[in-house]
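Peer 1: Before anything else, here's the structure in question.
The values are calculated or read from the model by the stated rules, or taken from the named source; none is laboratory data. Source: prediction; values computed, not measured. For accessibility, only protein heavy atoms count, side chains too; no ligands or nucleic acids. Shrake-Rupley method; radii C 1.70, N 1.55, O 1.52, S 1.80 Å.
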Amino acid sequence: MNEKKQRFHIGVVVRTHPRFASLTPREYEVLQWVVQGKSNGDIAVILGLALRTVKKHLERVFAKLGIHSRFEAMALCYELAYRQEDAGQQDGTYDRSRIVRDRPS
């Protein structure tokens, strides 16, 4: 999968997967930049926010997703994207019935 298609696919997973439903639009936007490998400073400049605001958004994202780091956030997004792909879903839905191993909530 090429990089552009992969980024779009991961964005679809984050936007449509139930685990991410509690994220606000801004938290979702910050998470997308994290998944693309941007630093907090880069995200602050891109979104026109203070660095502290970006950090607070990430703290809330981590708490809502039950994770502790940006690495875990990226890993979770990629894991869900690849599981979705393995399950044959192309429309952003998540078919849990076709997944053999699942991560505990």
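Peer 1: Answer yes or no as to whether ARG103 is assigned to a helix (DSSP H, G or I), basic (Lys, Arg) and at pLDDT below 75.
Peer 2: On the way: assigned to a helix (DSSP H, G or I): no; basic (Lys, Arg): yes; at pLDDT below 75: yes.
Judged against the criteria, ARG103 is not a match.
Peer 1: Looking only at residues that are open to solvent by less than 60 Å² (accessible area, probe 1.4 Å) and part of a loop (DSSP other than H, G, I, E, B) in the range 25-43, which one is modelled with the lowest pLDDT?
Peer 2: GLY37
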